[in-house]
Amino acid sequence: MNRKKIVAGNWKMNTNFNEALELLNFIQINSTTSPQVEKILFPPFAFIKSIKDALSITNNIKIGAQNCSEFNSGAYTGEVSADMLKSISCDYVLVGHSERRRYFNETSEQFILKIEQALLADLKIIFCFGENLEHRKSNFHFKIVKTQLNEVLSRLPKDKINQLVLAYEPVWAIGTGETASPVQAQEMHLYIRTVIAQMFSEELAQNISILYGGSCNSQNAKELFDCPDVDGGLIGGASLIGPEFCKIINSF
Ligand code: PGA
């Protein structure tokens, strides 16, 4: 088993240019450089290149985009292609985030196309999914997560699934201050691994990193990351506060 430990910060539509650079500098100075833990920042599109240029080589921080187009190139006003991201040395892209599903009505069909574009451009992908509160209350959370995984992963080339990192993000926990308990996170992550083993292989299931996202902060990160099937976190709100984000990284 050689799965990567990851702490990723999703800045969403926050920070202006100076704030973004300040946040990066704080993180570069104050986070550990353990080679075991990959750190990824997802700044807004507009700042990706500058953030990439401001990285110190010693800190080994990876940079990702929060979205990419499902199209390759052409007359798609306002879109950003996976190729463009690769050309500014972007490492990762987020696909399937619940805010893209909810506010932009993105569907599994689009996630498949986006992931295909990202694979063609040789970007790594963090694919996000998770149930909402209604699903959880009516005990449908496992079924929903399986469907979300199945709809997308079964349509991708089998030999490329190892380019993906999975992020389980229960919608009821995102930005709400409510976190899945370590028990809830562990049981879902183990379930996700079982689904991956059924769909592909036990080997892939053991080697794919599965992150938890949803109100993860410096208080709860350690107990979540201590769960055997939780390989790290995708952090929203707490990633905008330098000291808080560094504590999360350092709690691994
Ligand atoms: P949150 O966001 O940490 O603010 O809940 C997580 C995410 O949306 O990735």
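A few points about this structure:
- Evaluation of residue 93 against (1) within 16 Å of the ligand (Cβ to nearest atom); (2) outside any strand (DSSP E or B); (3) at negative phi (one fails), failing number: (2)
- Each residue in region 159-179 was checked for being within 29 Å of residue 120 (Cβ to Cβ), touching a helix residue (DSSP H, G or I) at 6+ places or on another chain (Cβ under 9 Å) and not in a loop (DSSP other than H, G, I, E, B), and 7 of them qualify.
Residue by residue, here is whether (1) of a type in the set (Phe, Trp, Tyr); (2) under 20 Å from residue 15 (Cα atoms); (3) more than 15 Å from the chain's Cα centre (by Cα); (4) surrounded by 23 or more Cβ atoms within 10 Å (Cβ to Cβ) holds:
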{"site": "204", "(1), (2), (3), (4)": "no, no, yes, no"}
{"site": "212", "(1), (2), (3), (4)": "yes, no, no, yes"}
{"site": "216", "(1), (2), (3), (4)": "no, yes, no, yes"}
{"site": "219", "(1), (2), (3), (4)": "no, no, yes, no"}
{"site": "223", "(1), (2), (3), (4)": "no, no, yes, no"}
{"site": "228", "(1), (2), (3), (4)": "no, no, yes, no"}
{"site": "233", "(1), (2), (3), (4)": "no, no, no, yes"}
{"site": "237", "(1), (2), (3), (4)": "no, yes, no, no"}
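- Answer from 192, 249 - the residue that is part of a helix (DSSP H, G or I), closer than 18 Å to residue 32 by Cβ, more than 13 Å from the ligand (Cβ to nearest atom) and of a type in the set (Val, Ile, Thr): 249
- Any hit, region 43-63, residues being free of Cβ contacts under 8 Å to residues at least 24 places away in the same chain, within 19 Å of the chain's Cα centre (by Cα) and under 23 Å from residue 166 (Cβ atoms): no
- Matching residues in region 165-187 - criterion: being modelled with pLDDT of 95 or more and within 11 Å of the ligand (Cβ to nearest atom): 167, 168, 169, 170
- For region 123-163, a residue qualifies if it is of a type outside the set (Gly, Ala, Ser), within 16 Å of the ligand (Cβ to nearest atom) and under 19 Å from residue 66 (Cβ atoms), and the qualifying residues are 125, 126, 127, 128, 129, 148.
- Only one of the listed residues (83, 122, 91) is of a type in the set (Asp, Glu) and touching a strand residue (DSSP E or B) at 6+ places or on another chain (Cβ under 8 Å). That residue is 91.
- Scanning region 128-154 for residues that are touching a residue at least 40 places away in the same chain (Cβ under 8 Å) and not in a loop (DSSP other than H, G, I, E, B) yields 128, 129, 141, 142, 145, 146, 148, 149, 150, 151, 152, 153.
- Region 207-239: number of residues that are within 9 Å of the ligand (Cβ to nearest atom), farther than 21 Å from residue 124 by Cβ and not aliphatic (A, V, I, L, M): 4
- Which listed residue, of 106, 99, 116, is assigned to a loop (DSSP other than H, G, I, E, B) and either surrounded by 17 or more Cβ atoms within 10 Å (Cβ to Cβ) or touching a residue at least 40 places away in the same chain (Cβ under 8 Å) (or both): 106
The values are calculated or read from the model by the stated rules, or taken from the named source; none is laboratory data. The shown structure was predicted, so the numbers you read here are calculated from the model rather than taken from an experiment. As a convention, Cβ positions derive from the backbone with ideal geometry for all residues, glycine included, and neighbour counts pool all protein chains shown.
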